[in-house]
Amino acid sequence: MRFRGSLTLACGVALAFSLLCAGASAAGPRLPLGHAGRWITDARGRVVIVHGVNMVYKVAPYYPAAAGFGNDDAAFLARMGFNAVRVGVIWKAVEPEPGVYDDAYLNQIAATVKTLARHGIVSLLDFHQDMYNELFQGEGAPDWAVQDDGLPPVPQTGFPGNYLEMPALEQAYDHFWDNSPGPGGIGLEDRYAAAWRHVAVRFRGDRSVLGYELFNEPWPGTGYAACLTPAGCPGFDSKLTAFNRTVDAAIRAVDRRTMVWYEPNVLFDFGAPTNVGALDDPHAGFSWHDYCLTGSCSTYGKVMANAAEHVAQTREATMMTEFGATNDTATLEMVVRLADQNMVPWLEWAYCGCSDPTTSGPGDEQAIVRNPAQAPRGSNVVMPTLRALVEPYPQVISGTPLSWSFDPTSRVFKFRFTTARASGRGRFRPGAVTEISTPKLVYGGHYAVRVKGGAIVSRRGAPVLEIASCRHARTMSVTVSASGRDHESCRPPLRAR
(Lines give C-alpha, C1' and ligand atoms only; values in the text may rest on other atoms or scores of the structure.)
Protein backbone atom coordinates (compact mmCIF):
# COMPACT_ATOMS: atom_id res chain seq x y z
CA MET A 1 0.00 0.00 0.00
CA ARG A 2 1.56 3.31 -1.07
CA PHE A 3 0.91 6.42 0.98
CA ARG A 4 1.58 9.97 -0.06
CA GLY A 5 4.14 12.42 1.28
CA SER A 6 6.35 11.53 4.20
CA LEU A 7 4.19 8.55 5.17
CA THR A 8 5.65 6.60 2.25
CA LEU A 9 9.13 7.13 3.64
CA ALA A 10 8.03 6.46 7.19
CA CYS A 11 6.51 3.11 6.33
CA GLY A 12 9.70 2.00 4.64
CA VAL A 13 12.17 3.24 7.24
CA ALA A 14 11.38 1.70 10.58
CA LEU A 15 9.03 -0.64 12.33
CA ALA A 16 8.46 2.11 14.85
CA PHE A 17 6.22 3.78 12.30
CA SER A 18 4.09 0.69 11.67
CA LEU A 19 1.20 1.87 13.80
CA LEU A 20 1.25 5.17 11.98
CA CYS A 21 1.07 3.44 8.63
CA ALA A 22 -1.70 1.09 9.71
CA GLY A 23 -3.66 4.00 11.11
CA ALA A 24 -3.68 5.83 7.80
CA SER A 25 -6.64 3.81 6.53
CA ALA A 26 -10.05 5.36 7.19
CA ALA A 27 -11.39 4.54 10.62
CA GLY A 28 -14.72 6.36 10.61
CA PRO A 29 -16.22 8.05 13.66
CA ARG A 30 -15.42 6.98 17.20
CA LEU A 31 -18.71 5.69 18.63
CA PRO A 32 -21.05 6.45 20.30
CA LEU A 33 -22.40 9.50 18.51
CA GLY A 34 -23.72 12.60 20.24
CA HIS A 35 -24.03 16.22 19.23
CA ALA A 36 -22.71 19.75 19.71
CA GLY A 37 -25.46 22.19 18.82
CA ARG A 38 -26.76 21.40 15.33
CA TRP A 39 -23.88 19.02 14.54
CA ILE A 40 -23.77 15.28 15.11
CA THR A 41 -20.42 14.50 16.76
CA ASP A 42 -18.40 11.42 17.62
CA ALA A 43 -16.79 10.51 20.93
CA ARG A 44 -13.75 12.65 20.03
CA GLY A 45 -15.87 15.71 19.36
CA ARG A 46 -15.44 15.51 15.57
CA VAL A 47 -18.41 16.51 13.43
CA VAL A 48 -20.03 13.53 11.66
CA ILE A 49 -22.09 13.93 8.47
CA VAL A 50 -24.31 11.04 7.47
CA HIS A 51 -25.64 10.11 4.05
CA GLY A 52 -27.81 7.04 3.88
CA VAL A 53 -31.17 5.45 3.17
CA ASN A 54 -34.33 4.17 4.83
CA MET A 55 -34.91 0.45 5.23
CA VAL A 56 -38.43 -0.02 6.59
CA TYR A 57 -40.40 -3.22 6.00
CA LYS A 58 -44.03 -2.26 6.53
CA VAL A 59 -45.72 -5.65 6.14
CA ALA A 60 -45.62 -8.67 8.43
CA PRO A 61 -43.29 -9.77 9.94
CA TYR A 62 -42.03 -6.14 9.81
CA TYR A 63 -38.24 -6.57 9.97
CA PRO A 64 -35.74 -5.87 7.16
CA ALA A 65 -34.28 -9.36 6.94
CA ALA A 66 -37.72 -10.71 6.05
CA ALA A 67 -37.51 -8.64 2.88
CA GLY A 68 -34.10 -10.13 2.13
CA PHE A 69 -32.00 -7.22 3.45
CA GLY A 70 -28.69 -8.61 4.64
CA ASN A 71 -24.91 -8.54 4.54
CA ASP A 72 -24.60 -8.02 0.79
CA ASP A 73 -26.88 -5.00 1.00
CA ALA A 74 -24.88 -3.49 3.86
CA ALA A 75 -21.64 -4.06 1.95
CA PHE A 76 -23.16 -2.45 -1.15
CA LEU A 77 -24.23 0.64 0.80
CA ALA A 78 -20.77 0.98 2.33
CA ARG A 79 -19.14 0.76 -1.12
CA MET A 80 -21.36 3.60 -2.30
CA GLY A 81 -20.14 5.78 0.58
CA PHE A 82 -23.31 5.59 2.69
CA ASN A 83 -22.71 5.49 6.43
CA ALA A 84 -26.20 5.41 8.01
CA VAL A 85 -29.52 3.58 7.65
CA ARG A 86 -32.88 4.44 9.19
CA VAL A 87 -34.17 1.05 10.32
CA GLY A 88 -37.93 0.76 10.71
CA VAL A 89 -39.35 -0.65 13.97
CA ILE A 90 -43.11 -1.27 13.96
CA TRP A 91 -45.05 -0.83 17.22
CA LYS A 92 -47.50 -3.61 16.23
CA ALA A 93 -44.60 -6.06 16.08
CA VAL A 94 -42.99 -4.80 19.29
CA GLU A 95 -46.20 -5.04 21.34
CA PRO A 96 -48.65 -7.40 19.60
CA GLU A 97 -50.79 -7.57 22.77
CA PRO A 98 -51.12 -4.90 25.45
CA GLY A 99 -48.07 -5.05 27.71
CA VAL A 100 -46.68 -8.11 25.88
CA TYR A 101 -43.41 -7.51 24.00
CA ASP A 102 -41.97 -9.68 21.26
CA ASP A 103 -38.24 -9.94 21.99
CA ALA A 104 -37.74 -12.32 19.06
CA TYR A 105 -38.78 -9.43 16.81
CA LEU A 106 -36.33 -7.08 18.50
CA ASN A 107 -33.61 -9.69 18.04
CA GLN A 108 -34.25 -9.53 14.30
CA ILE A 109 -33.90 -5.73 14.37
CA ALA A 110 -30.72 -6.08 16.43
CA ALA A 111 -29.30 -8.52 13.88
CA THR A 112 -29.80 -5.95 11.11
CA VAL A 113 -28.15 -3.25 13.25
CA LYS A 114 -25.20 -5.57 13.85
CA THR A 115 -24.88 -6.40 10.16
CA LEU A 116 -24.79 -2.71 9.26
CA ALA A 117 -22.27 -1.98 12.02
CA ARG A 118 -19.86 -4.55 10.59
CA HIS A 119 -19.66 -2.35 7.51
CA GLY A 120 -19.22 0.91 9.41
CA ILE A 121 -22.87 1.95 9.11
CA VAL A 122 -24.81 3.36 12.05
CA SER A 123 -28.55 2.77 12.54
CA LEU A 124 -31.33 5.18 13.43
CA LEU A 125 -34.15 3.17 15.01
CA ASP A 126 -37.44 4.62 13.77
CA PHE A 127 -40.84 3.77 15.26
CA HIS A 128 -42.46 3.94 11.85
CA GLN A 129 -46.13 4.44 11.04
CA ASP A 130 -48.16 5.77 8.13
CA MET A 131 -51.95 6.03 8.44
CA TYR A 132 -51.81 4.34 11.84
CA ASN A 133 -52.91 0.73 11.20
CA GLU A 134 -53.72 -1.81 8.46
CA LEU A 135 -57.44 -1.17 8.99
CA PHE A 136 -56.86 2.20 7.33
CA GLN A 137 -54.58 0.80 4.58
CA GLY A 138 -51.55 1.76 6.62
CA GLU A 139 -49.17 0.32 9.19
CA GLY A 140 -47.79 1.05 12.63
CA ALA A 141 -50.11 0.69 15.64
CA PRO A 142 -51.35 -2.63 17.02
CA ASP A 143 -54.97 -3.54 16.31
CA TRP A 144 -55.79 -3.18 20.01
CA ALA A 145 -54.68 0.48 19.90
CA VAL A 146 -57.28 1.47 17.28
CA GLN A 147 -60.12 3.63 18.59
CA ASP A 148 -62.24 4.88 15.70
CA ASP A 149 -65.58 5.44 17.50
CA GLY A 150 -67.14 2.67 15.43
CA LEU A 151 -66.84 4.61 12.18
CA PRO A 152 -66.35 2.52 9.04
CA PRO A 153 -62.91 2.81 7.39
CA VAL A 154 -64.21 4.51 4.25
CA PRO A 155 -63.62 5.85 1.71
CA GLN A 156 -60.47 3.87 1.01
CA THR A 157 -58.37 5.97 -1.34
CA GLY A 158 -55.02 4.70 -0.09
CA PHE A 159 -51.98 6.75 0.81
CA PRO A 160 -52.04 9.69 1.34
CA GLY A 161 -55.71 10.27 0.47
CA ASN A 162 -57.05 8.51 3.54
CA TYR A 163 -55.45 11.16 5.75
CA LEU A 164 -57.79 13.74 4.27
CA GLU A 165 -60.91 11.74 3.47
CA MET A 166 -61.38 9.03 6.13
CA PRO A 167 -63.09 10.23 9.36
CA ALA A 168 -62.41 6.92 11.13
CA LEU A 169 -58.67 7.38 10.64
CA GLU A 170 -58.76 10.95 11.91
CA GLN A 171 -60.64 9.82 15.02
CA ALA A 172 -58.03 7.12 15.66
CA TYR A 173 -55.27 9.73 15.60
CA ASP A 174 -57.29 12.06 17.83
CA HIS A 175 -57.70 9.34 20.44
CA PHE A 176 -53.99 8.58 20.34
CA TRP A 177 -52.94 12.22 20.81
CA ASP A 178 -55.53 12.60 23.60
CA ASN A 179 -53.98 9.59 25.37
CA SER A 180 -57.42 7.99 25.53
CA PRO A 181 -57.65 5.00 27.87
CA GLY A 182 -57.11 1.71 26.11
CA PRO A 183 -56.91 -1.89 27.35
CA GLY A 184 -56.58 -2.04 31.13
CA GLY A 185 -57.52 1.63 31.35
CA ILE A 186 -53.97 2.65 30.34
CA GLY A 187 -53.62 5.57 27.95
CA LEU A 188 -52.56 4.84 24.37
CA GLU A 189 -49.60 7.22 24.57
CA ASP A 190 -48.57 5.67 27.87
CA ARG A 191 -48.56 2.23 26.25
CA TYR A 192 -46.48 3.63 23.40
CA ALA A 193 -43.96 5.17 25.78
CA ALA A 194 -43.66 1.90 27.67
CA ALA A 195 -42.99 0.06 24.40
CA TRP A 196 -40.20 2.53 23.61
CA ARG A 197 -38.78 1.96 27.10
CA HIS A 198 -38.63 -1.77 26.37
CA VAL A 199 -36.85 -1.15 23.07
CA ALA A 200 -34.36 1.17 24.76
CA VAL A 201 -33.52 -1.54 27.30
CA ARG A 202 -32.68 -3.85 24.41
CA PHE A 203 -30.44 -1.35 22.54
CA ARG A 204 -28.99 0.90 25.24
CA GLY A 205 -25.56 -0.75 25.08
CA ASP A 206 -25.27 -0.67 21.28
CA ARG A 207 -22.87 2.11 20.29
CA SER A 208 -23.71 1.75 16.61
CA VAL A 209 -27.24 3.08 17.21
CA LEU A 210 -27.35 6.69 16.03
CA GLY A 211 -30.49 7.24 18.04
CA TYR A 212 -34.16 6.56 18.65
CA GLU A 213 -36.67 8.37 16.41
CA LEU A 214 -39.89 8.66 18.40
CA PHE A 215 -42.71 8.78 15.82
CA ASN A 216 -42.68 8.93 12.05
CA GLU A 217 -44.68 11.76 10.45
CA PRO A 218 -47.13 12.67 13.21
CA TRP A 219 -50.55 13.31 11.62
CA PRO A 220 -52.65 15.88 13.51
CA GLY A 221 -55.98 14.10 13.07
CA THR A 222 -59.18 16.11 12.64
CA GLY A 223 -57.42 19.45 13.14
CA TYR A 224 -54.91 18.98 10.33
CA ALA A 225 -56.11 21.97 8.27
CA ALA A 226 -54.91 24.47 10.88
CA CYS A 227 -51.35 23.20 10.44
CA LEU A 228 -51.26 24.49 6.86
CA THR A 229 -51.74 28.12 7.88
CA PRO A 230 -48.82 30.59 8.07
CA ALA A 231 -48.99 30.40 11.88
CA GLY A 232 -49.00 26.61 11.94
CA CYS A 233 -51.02 24.75 14.57
CA PRO A 234 -49.78 25.61 18.07
CA GLY A 235 -52.64 23.65 19.64
CA PHE A 236 -51.68 20.32 18.12
CA ASP A 237 -47.96 21.04 18.38
CA SER A 238 -48.41 21.57 22.10
CA LYS A 239 -49.88 18.06 22.35
CA LEU A 240 -47.03 16.73 20.23
CA THR A 241 -44.45 18.40 22.47
CA ALA A 242 -45.99 16.82 25.57
CA PHE A 243 -46.07 13.42 23.85
CA ASN A 244 -42.41 13.68 22.82
CA ARG A 245 -41.35 14.55 26.35
CA THR A 246 -43.38 11.69 27.81
CA VAL A 247 -41.75 9.15 25.52
CA ASP A 248 -38.31 10.72 26.05
CA ALA A 249 -38.73 10.41 29.82
CA ALA A 250 -39.61 6.71 29.45
CA ILE A 251 -36.46 6.14 27.40
CA ARG A 252 -34.26 8.18 29.74
CA ALA A 253 -35.41 6.06 32.67
CA VAL A 254 -33.35 3.20 31.19
CA ASP A 255 -30.95 4.81 28.67
CA ARG A 256 -29.39 8.19 29.43
CA ARG A 257 -26.87 8.23 26.56
CA THR A 258 -28.39 7.29 23.18
CA MET A 259 -29.67 10.26 21.21
CA VAL A 260 -33.43 10.76 20.94
CA TRP A 261 -34.82 12.30 17.75
CA TYR A 262 -38.28 13.81 17.35
CA GLU A 263 -40.25 15.06 14.35
CA PRO A 264 -42.60 17.99 13.75
CA ASN A 265 -46.09 17.26 12.49
CA VAL A 266 -46.12 15.91 8.96
CA LEU A 267 -47.30 19.14 7.32
CA PHE A 268 -43.85 20.57 8.10
CA ASP A 269 -42.57 18.34 5.28
CA PHE A 270 -44.25 20.61 2.72
CA GLY A 271 -43.18 24.00 4.05
CA ALA A 272 -45.55 24.62 6.98
CA PRO A 273 -43.96 26.13 10.10
CA THR A 274 -43.66 24.25 13.37
CA ASN A 275 -44.50 25.21 16.92
CA VAL A 276 -43.24 21.96 18.44
CA GLY A 277 -41.14 22.58 21.52
CA ALA A 278 -37.62 21.47 22.28
CA LEU A 279 -37.27 18.07 23.87
CA ASP A 280 -35.42 19.56 26.89
CA ASP A 281 -32.93 16.71 26.63
CA PRO A 282 -29.18 17.38 26.25
CA HIS A 283 -28.94 14.42 23.85
CA ALA A 284 -31.74 15.40 21.47
CA GLY A 285 -32.04 15.82 17.72
CA PHE A 286 -34.67 17.29 15.41
CA SER A 287 -35.46 14.94 12.52
CA TRP A 288 -37.53 16.16 9.62
CA HIS A 289 -38.62 15.31 6.09
CA ASP A 290 -38.63 17.31 2.87
CA TYR A 291 -41.24 16.51 0.23
CA CYS A 292 -43.38 18.27 -2.36
CA LEU A 293 -47.17 18.30 -2.76
CA THR A 294 -47.04 19.05 -6.49
CA GLY A 295 -44.93 18.03 -9.45
CA SER A 296 -43.16 21.39 -9.58
CA CYS A 297 -42.27 22.54 -6.10
CA SER A 298 -40.45 25.44 -4.51
CA THR A 299 -40.82 24.39 -0.87
CA TYR A 300 -37.72 22.19 -0.52
CA GLY A 301 -35.55 25.13 0.46
CA LYS A 302 -38.26 26.52 2.74
CA VAL A 303 -38.39 23.28 4.71
CA MET A 304 -34.62 23.36 5.20
CA ALA A 305 -34.79 26.99 6.30
CA ASN A 306 -37.55 26.17 8.80
CA ALA A 307 -35.47 23.30 10.20
CA ALA A 308 -32.39 25.51 10.51
CA GLU A 309 -34.40 28.16 12.34
CA HIS A 310 -35.80 25.57 14.75
CA VAL A 311 -32.45 24.08 15.79
CA ALA A 312 -30.88 27.53 16.01
CA GLN A 313 -33.37 28.15 18.82
CA THR A 314 -33.26 24.72 20.48
CA ARG A 315 -29.51 23.98 20.04
CA GLU A 316 -30.45 20.42 19.07
CA ALA A 317 -28.91 18.35 16.29
CA THR A 318 -30.55 18.34 12.88
CA MET A 319 -31.01 15.59 10.30
CA MET A 320 -33.25 15.16 7.24
CA THR A 321 -34.46 11.60 7.73
CA GLU A 322 -36.62 11.39 4.60
CA PHE A 323 -36.74 12.86 1.12
CA GLY A 324 -37.00 11.39 -2.35
CA ALA A 325 -39.65 8.71 -2.85
CA THR A 326 -39.22 9.35 -6.54
CA ASN A 327 -37.26 8.18 -9.55
CA ASP A 328 -37.07 11.74 -10.87
CA THR A 329 -33.31 12.21 -10.79
CA ALA A 330 -33.56 15.96 -11.30
CA THR A 331 -35.55 16.25 -8.07
CA LEU A 332 -33.14 13.99 -6.18
CA GLU A 333 -30.14 15.97 -7.40
CA MET A 334 -31.79 19.26 -6.47
CA VAL A 335 -32.56 18.16 -2.89
CA VAL A 336 -29.07 16.72 -2.43
CA ARG A 337 -27.60 20.00 -3.70
CA LEU A 338 -29.76 21.99 -1.27
CA ALA A 339 -28.73 19.69 1.56
CA ASP A 340 -25.07 20.34 0.69
CA GLN A 341 -25.66 24.08 0.67
CA ASN A 342 -27.32 23.87 4.08
CA MET A 343 -24.76 21.32 5.38
CA VAL A 344 -27.54 18.90 6.33
CA PRO A 345 -27.08 15.17 7.05
CA TRP A 346 -29.64 13.05 5.22
CA LEU A 347 -31.31 9.65 4.82
CA GLU A 348 -33.14 9.12 1.52
CA TRP A 349 -36.40 7.24 1.01
CA ALA A 350 -35.84 4.40 0.26
CA TYR A 351 -33.55 1.44 -0.25
CA CYS A 352 -36.26 -0.80 -1.69
CA GLY A 353 -39.95 -0.82 -2.62
CA CYS A 354 -40.48 -3.95 -0.50
CA SER A 355 -44.27 -4.14 -0.97
CA ASP A 356 -44.67 -0.69 0.59
CA PRO A 357 -48.44 -0.11 1.16
CA THR A 358 -48.07 3.61 1.93
CA THR A 359 -46.15 5.25 -0.85
CA SER A 360 -47.35 7.31 -3.78
CA GLY A 361 -46.22 5.79 -7.05
CA PRO A 362 -44.49 2.50 -7.86
CA GLY A 363 -42.18 1.76 -4.92
CA ASP A 364 -39.80 -0.51 -6.82
CA GLU A 365 -39.15 2.22 -9.38
CA GLN A 366 -38.40 4.73 -6.61
CA ALA A 367 -35.97 2.36 -4.92
CA ILE A 368 -32.20 2.03 -5.15
CA VAL A 369 -32.41 -1.77 -5.10
CA ARG A 370 -35.57 -3.35 -6.45
CA ASN A 371 -35.40 -6.59 -4.48
CA PRO A 372 -33.02 -6.97 -1.51
CA ALA A 373 -33.58 -10.73 -1.57
CA GLN A 374 -31.40 -10.70 -4.70
CA ALA A 375 -27.83 -9.47 -5.05
CA PRO A 376 -27.53 -5.66 -5.40
CA ARG A 377 -26.10 -5.65 -8.91
CA GLY A 378 -27.11 -5.52 -12.55
CA SER A 379 -30.74 -4.79 -13.30
CA ASN A 380 -31.61 -5.12 -9.61
CA VAL A 381 -29.96 -1.74 -9.00
CA VAL A 382 -31.72 1.43 -10.19
CA MET A 383 -28.56 3.13 -11.43
CA PRO A 384 -30.02 6.57 -12.33
CA THR A 385 -31.35 6.94 -8.79
CA LEU A 386 -28.11 5.68 -7.27
CA ARG A 387 -25.99 8.08 -9.31
CA ALA A 388 -28.21 10.99 -8.28
CA LEU A 389 -27.52 10.23 -4.61
CA VAL A 390 -23.90 9.10 -4.48
CA GLU A 391 -21.48 12.02 -4.14
CA PRO A 392 -18.31 12.97 -2.27
CA TYR A 393 -18.99 14.53 1.13
CA PRO A 394 -17.19 15.10 4.45
CA GLN A 395 -17.89 12.19 6.79
CA VAL A 396 -15.75 12.87 9.87
CA ILE A 397 -14.41 16.39 10.43
CA SER A 398 -11.71 17.41 12.90
CA GLY A 399 -13.24 20.85 13.15
CA THR A 400 -16.43 22.64 12.16
CA PRO A 401 -17.75 22.78 8.56
CA LEU A 402 -18.03 26.12 6.79
CA SER A 403 -19.27 24.93 3.40
CA TRP A 404 -19.15 22.10 0.89
CA SER A 405 -20.39 21.54 -2.64
CA PHE A 406 -20.20 19.06 -5.49
CA ASP A 407 -20.65 19.67 -9.21
CA PRO A 408 -21.70 16.32 -10.75
CA THR A 409 -20.91 17.55 -14.27
CA SER A 410 -17.27 18.51 -13.61
CA ARG A 411 -16.96 16.10 -10.66
CA VAL A 412 -15.34 18.83 -8.57
CA PHE A 413 -15.89 18.70 -4.82
CA LYS A 414 -15.02 21.67 -2.59
CA PHE A 415 -14.94 21.75 1.19
CA ARG A 416 -13.97 24.40 3.74
CA PHE A 417 -13.81 24.00 7.49
CA THR A 418 -12.23 25.48 10.56
CA THR A 419 -10.14 23.46 13.02
CA ALA A 420 -12.21 24.87 15.90
CA ARG A 421 -14.27 22.30 17.77
CA ALA A 422 -18.03 22.41 17.20
CA SER A 423 -18.46 22.53 20.97
CA GLY A 424 -16.66 25.88 21.00
CA ARG A 425 -14.00 24.49 23.35
CA GLY A 426 -10.68 25.02 21.63
CA ARG A 427 -9.24 23.55 18.44
CA PHE A 428 -8.10 20.16 17.24
CA ARG A 429 -4.37 19.58 17.50
CA PRO A 430 -2.13 19.60 14.41
CA GLY A 431 -2.29 16.28 12.61
CA ALA A 432 -5.97 15.68 13.41
CA VAL A 433 -7.51 13.76 10.52
CA THR A 434 -10.60 14.65 8.53
CA GLU A 435 -12.25 11.97 6.37
CA ILE A 436 -14.02 12.67 3.07
CA SER A 437 -16.01 10.07 1.15
CA THR A 438 -14.70 9.83 -2.45
CA PRO A 439 -16.84 7.04 -3.91
CA LYS A 440 -15.56 4.86 -6.70
CA LEU A 441 -18.90 5.34 -8.48
CA VAL A 442 -17.96 9.02 -8.87
CA TYR A 443 -14.19 8.92 -9.37
CA GLY A 444 -13.44 5.36 -10.39
CA GLY A 445 -10.58 5.25 -7.89
CA HIS A 446 -8.69 8.12 -9.56
CA TYR A 447 -8.80 11.74 -8.41
CA ALA A 448 -6.55 14.69 -7.62
CA VAL A 449 -6.54 16.63 -4.35
CA ARG A 450 -5.55 20.18 -3.49
CA VAL A 451 -5.34 20.99 0.21
CA LYS A 452 -4.72 24.30 1.92
CA GLY A 453 -3.75 23.99 5.57
CA GLY A 454 -3.33 20.24 5.48
CA ALA A 455 -1.59 17.16 4.10
CA ILE A 456 -2.91 14.05 2.36
CA VAL A 457 -2.44 10.89 4.43
CA SER A 458 -4.59 8.32 2.60
CA ARG A 459 -3.44 6.19 -0.28
CA ARG A 460 -4.01 7.37 -3.84
CA GLY A 461 -7.57 6.83 -5.04
CA ALA A 462 -8.79 5.63 -1.65
CA PRO A 463 -12.59 5.51 -1.27
CA VAL A 464 -12.15 7.72 1.80
CA LEU A 465 -9.74 10.64 1.45
CA GLU A 466 -7.92 11.54 4.67
CA ILE A 467 -6.53 14.99 5.35
CA ALA A 468 -4.31 15.86 8.34
CA SER A 469 -4.12 19.46 9.53
CA CYS A 470 -0.85 21.39 9.39
CA ARG A 471 0.68 23.16 12.37
CA HIS A 472 -1.06 26.50 13.04
CA ALA A 473 -3.90 25.68 10.60
CA ARG A 474 -7.07 27.60 11.43
CA THR A 475 -9.13 27.34 8.25
CA MET A 476 -8.62 24.50 5.79
CA SER A 477 -9.90 23.90 2.27
CA VAL A 478 -9.98 20.77 0.13
CA THR A 479 -10.72 20.47 -3.59
CA VAL A 480 -11.14 17.05 -5.21
CA SER A 481 -11.09 16.84 -9.02
CA ALA A 482 -11.36 14.01 -11.49
CA SER A 483 -7.90 14.83 -12.88
CA GLY A 484 -4.87 16.99 -12.18
CA ARG A 485 -2.00 16.96 -9.72
CA ASP A 486 -2.03 16.76 -5.96
CA HIS A 487 -1.00 19.71 -3.83
CA GLU A 488 -0.66 19.89 -0.04
CA SER A 489 0.53 22.57 2.37
CA CYS A 490 2.79 20.52 4.65
CA ARG A 491 4.22 17.12 5.40
CA PRO A 492 1.88 14.91 7.40
CA PRO A 493 2.55 15.24 11.16
CA LEU A 494 3.44 11.97 12.86
CA ARG A 495 0.25 12.04 14.85
CA ALA A 496 -1.78 11.88 11.61
CA ARG A 497 -2.61 8.27 12.46
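Surrounded by 23 or more Cβ atoms within 10 Å (Cβ to Cβ), out of contact with any Gly (no Cβ under 6 Å at 6 or more places or on another chain) and under 28 Å from LEU77 (Cα atoms), is that true of ILE436?
In short, yes.
In segment 201-215, which residues are over 18 Å from the mean Cα position of the chain (by Cα) and over 15 Å from MET259 (Cβ atoms)?
Across segment 201-215, the qualifying residues are VAL201, ARG202.
Within segment 327-348, track down each residue that is out of contact with any Gly (no Cβ under 7 Å at 6 or more places or on another chain) and not in a helix (DSSP H, G or I).
Within segment 327-348, ASN327, ASP328, ASN342, MET343, VAL344, PRO345, TRP346 qualify.
On the given criteria, is ALA74 more than 19 Å from ALA325 (Cβ to Cβ) and modelled with pLDDT of 95 or more?
Here the answer is yes, as ALA74 does meet what is asked.
For residues in segment 178-222 being in a helix (DSSP H, G or I) and of a type in the set (Lys, Arg), which is farthest from THR241 (Cα to Cα)?
ARG202
Okay, residues lined up against (1) farther than 25 Å from LEU347 by Cβ; (2) buried (at least 21 other Cβ atoms within 10 Å of the Cβ); (3) modelled with pLDDT under 95:
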residue: LEU151; (1), (2), (3): yes, no, no
residue: PRO167; (1), (2), (3): yes, no, no
residue: SER180; (1), (2), (3): yes, no, no
residue: ASP206; (1), (2), (3): no, no, no
residue: PHE215; (1), (2), (3): no, yes, no
residue: THR222; (1), (2), (3): yes, no, no
residue: GLY232; (1), (2), (3): no, yes, yes
residue: PHE243; (1), (2), (3): no, yes, no
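Suppose we keep only residues that are assigned to a strand (DSSP E or B) and touching a Gly at 6+ places or on another chain (Cβ under 7 Å) within segment 439-476. Which one would you say is nearest to THR385 (Cα to Cα)?
The residue in question is ALA448.
Does PRO96 satisfy the condition of being surrounded by fewer than 22 Cβ atoms within 10 Å (Cβ to Cβ), without any contact (Cβ under 8 Å) to a residue 24 or more places away in the chain and farther than 25 Å from GLY285 by Cα?
no
Can you name every residue in segment 360-393 that is part of a loop (DSSP other than H, G, I, E, B) and β-branched (Val, Ile, Thr)?
ILE368, VAL382, VAL390
Only one of these conditions is not met by PRO357: (1) touching a residue at least 40 places away in the same chain (Cβ under 8 Å); (2) in a helix (DSSP H, G or I). Which number is it?
Answer for PRO357: the failing condition is (2).
Only one residue in SER423, SER403 is outside any strand (DSSP E or B), in contact with a strand residue (DSSP E or B) (Cβ under 6 Å, 6 or more places away or on another chain), surrounded by fewer than 20 Cβ atoms within 10 Å (Cβ to Cβ) and modelled with pLDDT of 95 or more, so which one is that?
None of the others qualify; the one that does is SER423.
Yes or no, residue by residue, for (1) surrounded by fewer than 16 Cβ atoms within 10 Å (Cβ to Cβ); (2) outside the structural domain of GLY353 (by TED's automatic domain parsing); (3) within 16 Å of the chain's Cα centre (by Cα):
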position: GLY45; (1), (2), (3): no, no, no
position: VAL48; (1), (2), (3): no, no, yes
position: ALA60; (1), (2), (3): yes, no, no
position: VAL85; (1), (2), (3): no, no, yes
position: GLY88; (1), (2), (3): no, no, yes
position: VAL100; (1), (2), (3): yes, no, no
position: ALA110; (1), (2), (3): no, no, no
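Restricting to segment 146-177, and then to whatever is without any contact (Cβ under 8 Å) to a residue 12 or more places away in the chain and either within 29 Å of the chain's Cα centre (by Cα) or assigned to a loop (DSSP other than H, G, I, E, B) (or both), can you tell me which residue is nearest to ASN265 (Cα to Cα)?
Taking the candidates together, the pick is GLY161.
For the structure I just gave you, tell me whether MET334 is in the same structural domain as TYR62 (by TED's automatic domain parsing), at positive phi, surrounded by fewer than 22 Cβ atoms within 10 Å (Cβ to Cβ) and at pLDDT 95 or above.
In short, no.
From the list ARG495, ARG429, ARG459, ARG485, pick out the single residue that is more than 17 Å from LEU402 (Cα to Cα) and modelled with pLDDT under 95.
The unique qualifying residue is ARG495.
Of all residues in segment 439-497, which are among the β-branched types (Val, Ile, Thr) and out of contact with any Phe, Trp or Tyr (no Cβ under 8 Å at 6 or more places or on another chain)?
Selection gives VAL442, VAL449, VAL451, ILE456, VAL464, ILE467.
Can you name every residue in segment 74-95 that is closer than 24 Å to GLY444 by Cβ and among the hydrophobic types (A, V, I, L, M, F, W, C)?
Listed by number, the residues that qualify are ALA74, ALA75, PHE76, LEU77, ALA78, MET80, PHE82.
Looking at (1) modelled with pLDDT under 95; (2) under 21 Å from ALA373 (Cβ atoms), which is the only condition ALA26 fails?
Going through the list (1) modelled with pLDDT under 95; (2) under 21 Å from ALA373 (Cβ atoms), ALA26 breaks only (2).
Please count how many residues of segment 409-420 are buried (at least 16 other Cβ atoms within 10 Å of the Cβ) and in a loop (DSSP other than H, G, I, E, B).
2
The values are calculated or read from the model by the stated rules, or taken from the named source; none is laboratory data. It should be emphasised that the depicted structure is a prediction, and the values quoted were computed from it without experimental measurement. Note: ideal-geometry Cβ built from the backbone for every residue, glycine included; neighbour counts use all protein chains shown.
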